[in-house]
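Working notes, structure below.
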Amino acid sequence: MAASAIVPPSPELLESEWKTPDRGKVGITFLILTETSLFTMFVATYLIYIGKSLTGPYPKDVLEIPILATICLLSSSGTIVFAEHALEREELGRFKVWWLATLLLGLIFLAYTGIEWRHLIYVDHLTISTNLFGTTFYSLVGLHASHVIVGAVFLTLVLVVTLRGFPIATQKRRVMFLSWYWHFVDAVWVVVFTVVYIIGR
Amino acid sequence: MASIDYPLERPEAAPREFSFSESLYKWVATVDHKRLGLMYMVSALVFLVIAGIMASVMRLQLAVPNNHLVGPATFNRLFTMHGTTMVFLVGMPIVAGMANYLVPLMIGARDMAFPRLNAFGFWIFLFGGVLLYYSYLGGSGLSGAGSAPDVGWFAYAPLTEKAFSHGASTDFWALGVLVSGFGSIASAINVIATCVSLRCPGMTLARMPVFVWVMLVDAWLVLVVLPPLSAAQIMLLLDRFLGAHFFDTQFGGSAVLWQHMFWIFGHPEVYILIFPAFGTLSEVIPIFARKPIFGRPAMVGAVVAIGFISLGVWAHHMFAIGMTSWSNTFFAAASMLVGVPTGIKIFNWTATMYGGKIRFAVSMMFCCGFLLQFLVAGLTGIMLAIAPFDWQLHDSYFVVAHFHFTLIGGLVFGVFAGIYYWFPKVTGKMLSETLGKWHFWLFCIGFNLTFIPLHFAGMLGMPRRIYTYAAGRGWESWNTIATIGVFFQIAGIACFAWNVIQSVRSGKAAGDDPWDAWTLEWATTSPPPEYNFEKLPVVRSSRPLWDLKHPQDPDWKYD
């Protein structure tokens, strides 16, 4: 006997609609919370180890402020919002353009990181095992870059299925979650940038 | 999101026998929260037995001085695997398992918010466990023989660095625990989204059962404090595989960084582990005292307060490393502060019983055992929070006795209370009360016989993790008594195992609501159907089934 069937429904509840928050929004919010905790540990470690390297190269000798990459990544937060707005209004052409722009800006950022690392490794001879600076630099920036890569993979996925004719307008929620994640990755970059390239130098 | 216009007419499903491969497929491919919850619980109990056997071997080794049952290397592996297993492969899946099985039923939902993520969480957890135990076969690398990790469950770096910990066993420890942590995070996100988004109509946060509240705070705590452990393990793996220097003092790395990160995780972790027991007591005691829980808002507030305060107490595990006296004072004071909300909980459970029509079913007996033993654990905890006292007893058997009182006397007793309470719902069969009473008394006597003496051995200076000791220091009799207690505990667990087997085979049918309870899980059949509720319930108070059974005097009149 399922007693649930005989729980007397209260009339006012049946009339007024019962609303709870979107489960996807809750899920992605708390995913971001747990990622924040992870980054906090790496950032704290970076801060603790600033100036503790016993041998060079030191940050002030080899690090250059990545202005272009930073502009690209931060503006990609804007383009993804434009893309979302376009999708909201079902303007598929504009959506594709802005989405592609977001992906390209992310890729430029990654390319810059790649060039920077290549220079650091082959010219400045700084690797993860050279000193504490190398250890903390590559792990913090690498952790962030790996999040950008994950984001770029999902951006590409959305772009590919859209170009192949998948009705992406049916997936507005999921596009929104992806954009939340992308904003989070950008916000983390602001912290990483400040810690590594400003405080750390 | 909850729809109340669910078709009531359902064709009666013809009962049919499944072949072995069919039912195996049903279990492996399931995304049903009840099956996943059960699989979590069963894996936890299997790991409990494995780690329990390890503990018994260690107790046998320590029963008499100068014993040579196992050597020092084996002993190190035993306590490492015992601790790691108990925390990550018993405690954590119990959290996930109880939340998975009960939360959707108690809030009137048909499943968790993300069923497939749920299945992913379980399998990745199990994979992590298997990976950890694989070290027994491949711990020294592919060509060498196996050996389990031997660095202690908190694996202090730099001891775990490549220079001091050869072979691959420490890698298995870090990877296995890291991977099973992903499962815990997946499950925690799921629990939060379920509690927030899938509550049935009328189930406001204020009406949510205390158990669900506790699991909600628990999941939040997992999300905040598990990543610090993951971060530390990632750094350790970078050190070991790529030659990084996070914990390498020769390159200027810190010898206490790992300790900080580990205990930022590790201390809240013990609250994560004990919370399911808190939740269980908050459900079981009212039912068997026939009174609504005393001070419901205070109970919920206390759990939230414990969640927050627990984030600022970690360094009380590190008084002995030589922190500044300001740090010592701060962490001592913060740790003692935890005693306030915990005290509120103990008092409120007691007040719930006060003046009630108490029925001492086995479940209730385990709750009473919990209250007394957890009180002792709390008091020794406050003693250890005092920094100078901790300097005396740090790393002694007093600490071992303290945390076994919280985790066995508290958590395990609470979980047994929960198992005796919810078993009828899960299986549709009653557990035998007679065998249950044997289980309770044998286990309770055995537990106290084992762990009360260890307080004294610790105060007499017996350090942790020693594999043997010389005679004549006054430790012998305490250790012998402790080992005798283990046999009582094993007998108790055997009673429990026999009870479960007997009940599943030929137990008394339970019916839907054997305890005359008040929360929604008792409103559906036992065991619940795959969809939980034919029609989503609508609730108007925190005790919907009380309202149903007492239409002349429902709770919502007073809310």
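Any residue that is more than 14 Å from chain A (Cβ to nearest Cβ) and open to solvent by 60 Å² or more (accessible area, probe 1.4 Å) - is there at least one of those in the stretch B:542-558? So far as the stretch B:542-558 goes, yes, one or more of its residues are more than 14 Å from chain A (Cβ to nearest Cβ) and open to solvent by 60 Å² or more (accessible area, probe 1.4 Å). Highlighted here are the helices (runs of 4 or more DSSP H) found entirely within the stretch A:40-139 that include at least 1 residues which are loosely packed, with under 15 Cβ neighbours inside 10 Å, at pLDDT 95 or above and out of contact with any Phe, Trp or Tyr (no Cβ under 8 Å at 6 or more places or on another chain): A:67-88, A:92-122. Just one of the numbered conditions (1) in a loop (DSSP other than H, G, I, E, B); (2) without any contact (Cβ under 8 Å) to a residue 24 or more places away in the chain; (3) within 12 Å of another protein chain (Cβ to nearest Cβ) is not true of B:Phe533: (2).
Counting only residues that are at pLDDT below 90 and in contact with a helix residue (DSSP H, G or I) (Cβ under 8 Å, 6 or more places away or on another chain), the stretch B:133-143 holds 3 of them.
Screening B:Ala193 with (1) part of a loop (DSSP other than H, G, I, E, B); (2) crowded, with 20+ Cβ neighbours inside 10 Å; (3) touching a Lys or Arg at 6+ places or on another chain (Cβ under 7 Å); (4) within 12 Å of another protein chain (Cβ to nearest Cβ) gives one miss only, at (1). Applying the condition of being within 11 Å of chain A (Cβ to nearest Cβ) and open to solvent by 10 Å² or more (accessible area, probe 1.4 Å) to the stretch B:202-215 and asking which residue is nearest to B:Leu545 (Cα to Cα) yields B:Thr204.
Just one residue in the set B:Leu205, B:Leu273 is among the aliphatic types (A, V, I, L, M) and at pLDDT 95 or above; that residue is B:Leu273.
Note on the stretch B:103-118: residues that are in a helix (DSSP H, G or I) and in contact with an Asp or Glu (Cβ under 9 Å, 6 or more places away or on another chain) total 5. Take the stretch B:231-244 and flag every residue that is surrounded by fewer than 23 Cβ atoms within 10 Å (Cβ to Cβ) and facing chain A (nearest Cβ under 7 Å). The answer is B:Leu238, B:Leu242, B:Gly243. In this structure, does B:Arg199 turn out to be touching a residue at least 12 places away in the same chain (Cβ under 8 Å), more than 11 Å from chain A (Cβ to nearest Cβ) and of a type outside the set (Asp, Glu)? Criteria not met by B:Arg199. Of the residues making up the stretch B:490-503, just one is free of Cβ contacts under 8 Å to residues at least 60 places away in the same chain and surrounded by 20 or more Cβ atoms within 10 Å (Cβ to Cβ), namely B:Gly492.
Scanning the stretch B:18-38 for residues that are open to solvent by less than 30 Å² (accessible area, probe 1.4 Å) and not in a loop (DSSP other than H, G, I, E, B) yields B:His33, B:Lys34, B:Leu36, B:Gly37.
A single member of B:Ser56, B:Ser43 is assigned to a helix (DSSP H, G or I) and open to solvent by 20 Å² or more (accessible area, probe 1.4 Å), and it is B:Ser56. Set side by side, the residues B:Ala305, B:Ala219, B:Ala289 differ, and just one is of a type in the set (Gly, Ala, Ser), within 14 Å of chain A (Cβ to nearest Cβ) and at negative phi, which is B:Ala219. For the stretch B:95-119, residues that are modelled with pLDDT of 95 or more, within 13 Å of chain A (Cβ to nearest Cβ) and open to solvent by 10 Å² or more (accessible area, probe 1.4 Å) total 4. State all residues of the stretch B:245-263 that are of a type outside the set (S, T, N, Q) and more than 8 Å from every other protein chain (Cβ to nearest Cβ); if no residue qualifies, say none. The answer is B:Phe247, B:Asp248, B:Ala255, B:Val256, B:Trp258, B:His260, B:Phe262, B:Trp263.
The residues on offer are B:Val270, B:Val224, and the sole one that is open to solvent by 20 Å² or more (accessible area, probe 1.4 Å), in a helix (DSSP H, G or I) and within 11 Å of chain A (Cβ to nearest Cβ) is B:Val224. Where helices (runs of 4 or more DSSP H) fall entirely within the stretch B:379-494, those with at least 1 residues that are within 27 Å of B:Pro514 (Cβ to Cβ) are at B:413-427, B:433-459.
For the stretch A:29-48, residues that are of a type in the set (Gly, Ala, Ser) and at the interface with another protein chain (Cβ under 8 Å from one of its Cβ atoms) total 1.
For the stretch B:313-326, the candidate set comprises residues that are open to solvent by 20 Å² or more (accessible area, probe 1.4 Å) and closer than 18 Å to B:Gly381 by Cα; within that set, the residue that is farthest from the chain's Cα centre (by Cα) is B:Ala320.
The values are calculated or read from the model by the stated rules, or taken from the named source; none is laboratory data. Every value quoted in this text rests on a predicted model; they were computed, and no experiment measured them. Counting neighbours? That spans all protein chains shown, and the Cβs are built from the backbone with ideal geometry, glycine included. The protein model used for the area step is the full one, side chains on, heavy atoms only, and it has no ligands, DNA or RNA in it. Shrake-Rupley method; radii C 1.70, N 1.55, O 1.52, S 1.80 Å.
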